[in-house]
């Protein structure tokens, strides 16, 4: 055992000295290798972190949302539907919700207006998200002017600004009393935007969705799992688009790395011939080239992953933020919680490290099987 370890250590020392003798070639390869690993790892980390944040946000969402559809578009749902849905076996509660979107022509931003039940602001008062406060430059005690659907202006007093820790959810949020929201959007008392359904047993969600669709053919039940899958698809699609954009760079690296790995120079072939002539076996030569490829690929992989981790979780992924998060006038500012999926690291490792390491062995085996005199003369 000790003899084997000593053999590998000596070969590794020789591999490091061999890499330093050709530092120009190896350094250029290492830099390109690191950049490619960094770009791919950053996209993978950022996409996974955004999907995780979306899943955490949706933990507090209702089990099912029931909407009314008219001509293929969402319409106000009768509040009377709530009592009939609540009578279904397995339904714990049904809550009518009032909310809507408001476009501010001054700032060009869209706000989400929600009627809160508890604790609900008093009539004429609102709670606003930190993004709204930042765009409109208002704070606690200031007046917030909003124009109603009838064209009449409404002056609402800001009761408080929601904390920054909730900005991912509440950046564009304006919370007000149900009466103010109904007056603003002219929503009748017997109608609501949608119905939030809570189910006792999550295994019965699909069955209840079918029953609701059969009882109310104009309704569309939306499960929380379907919303989560939609977010996953969006982030996967955006991450895939970024990978496609970088595909040219990745392909160039593959060609570059393959050429460097498979195209042994005359100096390297001569070096292999000398090693064979002084008593090195073919297995020793292959082990030497394996360690040379492993040193370059492993160091580039580790450096690229560390840089990607720092870029995503400490610099908020400034390189990819517009492409993966989207764009808006009113945009939430939040820091992602550092988390890395080990499975993704393993896949990235096998896609970047293993192919290059193997590619260095094949030409070395061919050179090692040649007669040492012929290799040194060539």
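Bear in mind these aren't lab numbers, they're just calculated from the coordinates by the rules spelled out. Just so we're clear, the structure is a prediction, and the values are computed from it rather than from any experiment. Cβ sites come from the backbone with ideal geometry, for glycine too, and all protein chains shown count toward neighbours.
Descriptive notes on the structure:
- Segment 40-134 - percent relative contact order, Cα under 8 Å, separation 6 or more: 11
- Relative contact order (percent, whole number), segment 99-186, Cα cutoff 8 Å, 6+ residue spacing: 40
- Theoretical FRET efficiency, 1/(1+(r/R0)^6), r = Cβ-Cβ of residue 106 and residue 298, R0 56 Å, to 0.05: 0.55
- Estimated Rh, segment 1-132: Kirkwood, alpha-carbon pairs, angstrom: 22.4
- Label zone at residue 345 (point 7 Å along Cα-to-Cβ), backbone N below 13 Å, segment 50-79: none
- The gain in end-to-end length when the residue 281 to residue 203 segment is fully stretched comes to 21.7 nm, 0.36 nm per residue minus the alpha carbon separation.
- Inter-label distance for residue 70 and residue 84, nm, one decimal - labels placed 7 Å from Cα along Cα-to-Cβ: 1.6
- Euclidean distance of C-alpha centroids, segment 1-51 and segment 126-154, integer Å: 55
- Were the residues from residue 120 through residue 226 laid out at 0.36 nm apart, the gain over their Cα-Cα distance would be 35.2 nm.
- Proportion of all alpha-carbon pairs of segment 99-186 beyond 15 Å (%): 54
- Cβ-Cβ FRET estimate between residue 4 and residue 35, R0 fixed at 30 Å, reported to 0.05: 0.25
- Chain lengthening between residue 155 and residue 186 when straightened (0.36 nm per residue, less Cα-Cα): 9.5 nm
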